[in-house]
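Working notes, beginning with the structure itself.
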Amino acid sequence: ERHTGGTRGLRAGGQITPNNARTDTIDFINIATTGNAVDFGNLSQVKFSPAGAASNSRGVFMGGGTPVRLDDIDFVTIASTGNTTDFGNITDARSAGGNSGHSSQTRAICAGGSPGNAPSPETVNIIDYITIAQTGNAIDFGDMSAAKNGAGLAGSPTRAIFVGGDLQSNGTVVNVIEFLSISTLGNTADFGDLIAASNGHAVSNAIQCVIMANNSASTLIQSLLVTTLGNSTDFGDFITSTRNIIFACNDPTRGIFGVLDDNTSTNAIEYISMSTGGNAADFGDLTQTCRNGGGLSNGHGGLG
């Protein structure tokens, strides 16, 4: 997730390997460089899979799980460091897939998620929104076409694009692409299809959305044009094959993905060039080896 006025990306929360203990740690990186993540502060409590979104100055983390599902919204000032402050609450307590948030400069949305735990993890089709510069509770925006968890969410300042997702949080992964207009209210509409089903993460500038599948033995990275309708195309490949995406963020030129290698239980940060396509390259490492964090950035190129 993604935004202008700077090049700082944040990872918040997650589950520490190998025992899946929850964490409240927030890391940050400078997207335009390479190197290891640095400590930023802490969330209001330990949690996994909060949905991240941001403006130029403020980042918000919505929902999550402990594993009890949460409706908290935390916020930070991205240019500084420190712990989160209470913002309000989303409409339904749920973990939101880590990357199921997107925003314009003024409005952030949080989509889908899981309000329950295995072995019967419900999913929801709820879309909430908040006004980033204020504080307060989220308001109902509309609905996705189906209840799902882990849909990657990215887009431009005017359009949000929902890619893939699980029909249950441990269930069927789909190849559906949907979109909506951020400035209005309403349900999603059909955009096209992924060339490979994904429950992963997505980043975007004003032109291109880049999609990385989670929990996949494939190294495929997909892309699509934000301003049109249509199916995804082949963008390039990851370095790490069997992986769990920890967080995602970007600036206008670079997409960043935190990657847990499921074979070796090691973590790394990989990056791609948004405009050119091609394979991922090594960026550095996170401060923790974990899975299921939430990500945001104040470097999204579409936010004017």
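The values are calculated or read from the model by the stated rules, or taken from the named source; none is laboratory data. Keep in mind that what you see is a predicted model, and the values were worked out from it rather than measured. Here Cβ is always computed from backbone atoms with ideal geometry, including for glycine, and neighbour counts include all displayed protein chains. All accessible areas refer to the heavy atoms of the entire protein, side chains included, with ligands and DNA or RNA removed. Shrake-Rupley method; radii C 1.70, N 1.55, O 1.52, S 1.80 Å.
What number of residues in the range 198-226 are over 14 Å from residue 156 (Cα atoms) and surrounded by fewer than 18 Cβ atoms within 10 Å (Cβ to Cβ)?
Residues flagged as over 14 Å from residue 156 (Cα atoms) and surrounded by fewer than 18 Cβ atoms within 10 Å (Cβ to Cβ) within the range 198-226 amount to 4.
Which residues, counting only those in the range 160-197, are of a type in the set (Asp, Glu) and either surrounded by fewer than 22 Cβ atoms within 10 Å (Cβ to Cβ) or modelled with pLDDT of 90 or more (or both)?
Quick first cut of the range 160-197, residues of a type in the set (Asp, Glu) only: 166, 178, 190, 193.
Once the filter is applied, which keeps residues that are of a type in the set (Asp, Glu) and either surrounded by fewer than 22 Cβ atoms within 10 Å (Cβ to Cβ) or modelled with pLDDT of 90 or more (or both), the range 160-197 yields 178, 190, 193.
Restricting attention to the range 211-239, report how many residues are within 20 Å of residue 150 (Cα to Cα), touching a Ser or Thr at 6+ places or on another chain (Cβ under 9 Å) and not aliphatic (A, V, I, L, M).
Qualifying residue count for the region: 9.
Is it the case that some residue within the range 262-284 is open to solvent by less than 30 Å² (accessible area, probe 1.4 Å), small (Gly, Ala, Ser) and under 16 Å from residue 9 (Cα atoms)?
Yes, there is a match, as at least one residue in the range 262-284 is open to solvent by less than 30 Å² (accessible area, probe 1.4 Å), small (Gly, Ala, Ser) and under 16 Å from residue 9 (Cα atoms).
Pick out the one residue from 44, 55 that is within 20 Å of residue 155 (Cβ to Cβ) and polar (S, T, N, Q).
55
List the strands (runs of 3 or more DSSP E) inside the range 109-191, counting only whole elements, that have at least 1 residues being basic (Lys, Arg).
So the answer is 159-163.
Within the range 15-97, considering only strands (runs of 3 or more DSSP E) that don't extend past its boundaries, which have at least 1 residues that are on the phi > 0 side of the Ramachandran plot and not basic (Lys, Arg)?
Values: elements: 21-30, 38-42, 51-54, 58-65, 69-77, 85-89.
Output list reads 38-42, 58-65, 85-89.
How many residues are modelled with pLDDT of 90 or more and open to solvent by 20 Å² or more (accessible area, probe 1.4 Å) if we restrict to the range 236-251?
2
Just to be sure before I move on: is residue 292 of a type outside the set (Asp, Glu), on the phi > 0 side of the Ramachandran plot and crowded, with 24+ Cβ neighbours inside 10 Å in the structure I sent?
Values: of a type outside the set (Asp, Glu): yes; on the phi > 0 side of the Ramachandran plot: yes; crowded, with 24+ Cβ neighbours inside 10 Å: yes.
It is true that residue 292 is of a type outside the set (Asp, Glu), on the phi > 0 side of the Ramachandran plot and crowded, with 24+ Cβ neighbours inside 10 Å.
Given the residues 24, 74, which is the only one that is buried (at least 24 other Cβ atoms within 10 Å of the Cβ) and either hydroxyl-bearing (Ser, Thr, Tyr) or at pLDDT 95 or above (or both)? Full working, then the answer.
On the way: 24 fails: buried (at least 24 other Cβ atoms within 10 Å of the Cβ).
When all the criteria are applied, what remains is 74.
Could you check residue 88 against (1) surrounded by 17 or more Cβ atoms within 10 Å (Cβ to Cβ); (2) of a type in the set (Gly, Ala, Ser); (3) at pLDDT below 95; (4) more than 26 Å from residue 214 (Cα to Cα) and say which number it fails?
Residue 88 satisfies all of (1) surrounded by 17 or more Cβ atoms within 10 Å (Cβ to Cβ); (2) of a type in the set (Gly, Ala, Ser); (3) at pLDDT below 95; (4) more than 26 Å from residue 214 (Cα to Cα) except (3).
From the list 87, 28, exactly one residue is aromatic (Phe, Trp, Tyr) and either in contact with a helix residue (DSSP H, G or I) (Cβ under 9 Å, 6 or more places away or on another chain) or closer than 21 Å to residue 252 by Cα (or both). Which is it?
Working: 87 fails: either in contact with a helix residue (DSSP H, G or I) (Cβ under 9 Å, 6 or more places away or on another chain) or closer than 21 Å to residue 252 by Cα (or both).
The conditions single out 28.
Please tell me if residue 112 is out of contact with any Cys (no Cβ under 9 Å at 6 or more places or on another chain), under 23 Å from residue 210 (Cβ atoms), surrounded by 24 or more Cβ atoms within 10 Å (Cβ to Cβ) and modelled with pLDDT under 95. Give the derivation first.
Details: out of contact with any Cys (no Cβ under 9 Å at 6 or more places or on another chain): yes; under 23 Å from residue 210 (Cβ atoms): yes; surrounded by 24 or more Cβ atoms within 10 Å (Cβ to Cβ): yes; modelled with pLDDT under 95: yes.
Yes, satisfied.
Please find, within the range 116-159, the residue that is modelled with the highest pLDDT out of those that are open to solvent by 40 Å² or more (accessible area, probe 1.4 Å) and within 24 Å of residue 291 (Cβ to Cβ).
So in the range 116-159, the residues open to solvent by 40 Å² or more (accessible area, probe 1.4 Å) come out as 117-120, 122, 125, 131, 133-135, 137, 139-140, 143, 145, 157-159.
Now drop any that are not within 24 Å of residue 291 (Cβ to Cβ), which leaves 117-120, 122.
On the way: 117: 70, 118: 60, 119: 53, 120: 54, 122: 83.
My answer is 122.
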